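The values are calculated or read from the model by the stated rules, or taken from the named source; none is laboratory data. This one's a predicted model, so the numbers in the text were calculated from it and none came from an experiment. So basically every Cβ, Gly included, is an ideal-geometry build from the backbone, and we count neighbours across all protein chains shown.
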């Protein structure tokens with residue numbers, strides 16, 4: 001749900017609005033209509049996720065291998081998150097719309113504030129603190145639901161005030177607006193602010209600027225993600241110890257970072273170039289990159305599920321999937337420009 005609403009469908013929203021803003025004539029009117037359609041899409045997808053996961057969450061998690069206490073805990077978390085899926089979709093698609101229109105400050109502030117609050121609140125609700133009783137994993141779901149509910153209130157007040165770059169008003173359903181969003185969003189299903197600059201440049205016909213933005217952003221993403229990966233490779237307990245003190249859990253988490261963390265740079269670069277292709281409205285190579293990553297990673301998980309592979313093999317498959325994702329997206333963007 002997070003990948004689809006933030007990346008795939010959210011990327012389609014950002015791309016469509018950025019191209020409308022960068023175009024001539026009725027760009028502002030189209031952007032407002034696209035925002036209204038993004039809200040409609042969010043309501044629809046949110047309702048579907050809520051219905052499916054509340055009705056069939058148990059069988060789905062059972063099919064994934066869940067049973068007993070693990071299944072019970074999964075449902076206690078899932079029911080909070082998916083029970084309020086509509087606010088999640090609304091926040092993510094509205095945020096994508098604002099980024100597509102060039103307003104990145106408000107979504108960024110909400111995300112930063114949310115992270116600052118969630119980091120201490122989640123463990124406090126899980127383990128209990130002072131008069132707050134321990135809620136277990138359900139506490140994490142409750143915190144997530146609370147964050148998205150608060151974020152939605154802030155975003156709606158902004159959109160309805162008439163003071164922002166976009167204003168939320170009623171618009172009739174139009175096939176061309178749905179196609180502008182879903183034509184990119186359905187194929188991609190992974191978006192961020194680089195879509196705005198590339199989408200506007202593409203809409204204005206400045207393809208040289210779009211290329212400069214894409215490769216500069218890709219290099220920045222590679223450096224930042226790789227530095228984070230190398231830090232986790234050298235000191236994995238900086239992250240894993242924040243979630244558990246169980247020796248087996250720590251060993252598995254540390255082993256994961258030892259294999260996968262060095263490839264974070266390629267993943268960061270690949271994601272930026274994925275979004276760059278969204279901004280240009282060309283998704284064939286990113287689609288191939290996503291399929292390749294899914295296939296390699298799923299193969300490793302399948303071997304684990306069949307009992308024929310240890311965890312390091314799965315971690316190696318995850319790392320190989322990241323490397324393929326980055327390499328294919330880089331090649332695809334280069335070919336498309």
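So here's what we get for this one:
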{"item": "Unmet criterion (only one of (1) buried (at least 19 other Cβ atoms within 10 Å of the Cβ); (2) modelled with pLDDT under 90) for residue 34", "result": "(2)"}
{"item": "Selection from the stretch 197-249 of residues that are out of contact with any helix residue (DSSP H, G or I) (no Cβ under 6 Å at 6 or more places or on another chain) and over 23 Å from residue 119 (Cα atoms)", "result": "205, 206, 207, 208, 211, 212, 215, 216, 219, 220, 223, 248"}
{"item": "Enumeration of residues in the stretch 250-284 that are part of a helix (DSSP H, G or I) and closer than 20 Å to residue 182 by Cβ", "result": "274, 275, 276, 277, 278, 279, 280, 284"}
{"item": "Residue list for the stretch 205-246, filter: surrounded by fewer than 18 Cβ atoms within 10 Å (Cβ to Cβ), more than 30 Å from residue 334 (Cβ to Cβ) and more than 23 Å from the chain's Cα centre (by Cα)", "result": "234, 235, 237, 238, 241, 244, 245, 246"}
{"item": "Any hit, the stretch 140-163, residues being out of contact with any helix residue (DSSP H, G or I) (no Cβ under 8 Å at 6 or more places or on another chain), more than 26 Å from residue 78 (Cβ to Cβ) and modelled with pLDDT under 85", "result": "yes"}
{"item": "Boolean, residue 201 is assigned to a helix (DSSP H, G or I) and either at pLDDT 85 or above or surrounded by fewer than 16 Cβ atoms within 10 Å (Cβ to Cβ) (or both)", "result": "no"}
{"item": "Checking residue 309 against (1) surrounded by fewer than 16 Cβ atoms within 10 Å (Cβ to Cβ); (2) more than 30 Å from residue 125 (Cβ to Cβ); (3) at pLDDT below 85, the condition it does not meet", "result": "(1)"}
{"item": "Some residue of the stretch 64-80 being farther than 30 Å from residue 306 by Cα, assigned by TED's automatic domain parsing to the domain that holds residue 16 and at pLDDT below 95", "result": "yes"}
{"item": "Matching helices (runs of 4 or more DSSP H) fully within the stretch 4-84 where at least 1 residues are farther than 21 Å from residue 282 by Cβ", "result": "27-63, 68-83"}
{"item": "Count of the stretch 88-109 residues which are crowded, with 20+ Cβ neighbours inside 10 Å and in a helix (DSSP H, G or I)", "result": "14"}
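A quick yes/no check of all residues on (1) under 19 Å from the mean Cα position of the chain (by Cα); (2) in a helix (DSSP H, G or I); (3) at pLDDT 90 or above; (4) closer than 21 Å to residue 4 by Cα:
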residue	(1), (2), (3), (4)
286	yes, yes, no, yes
292	yes, yes, yes, yes
296	no, yes, yes, yes
300	no, yes, no, no
314	no, yes, no, no
318	yes, yes, yes, yes
321	yes, yes, yes, yes
330	no, yes, yes, no
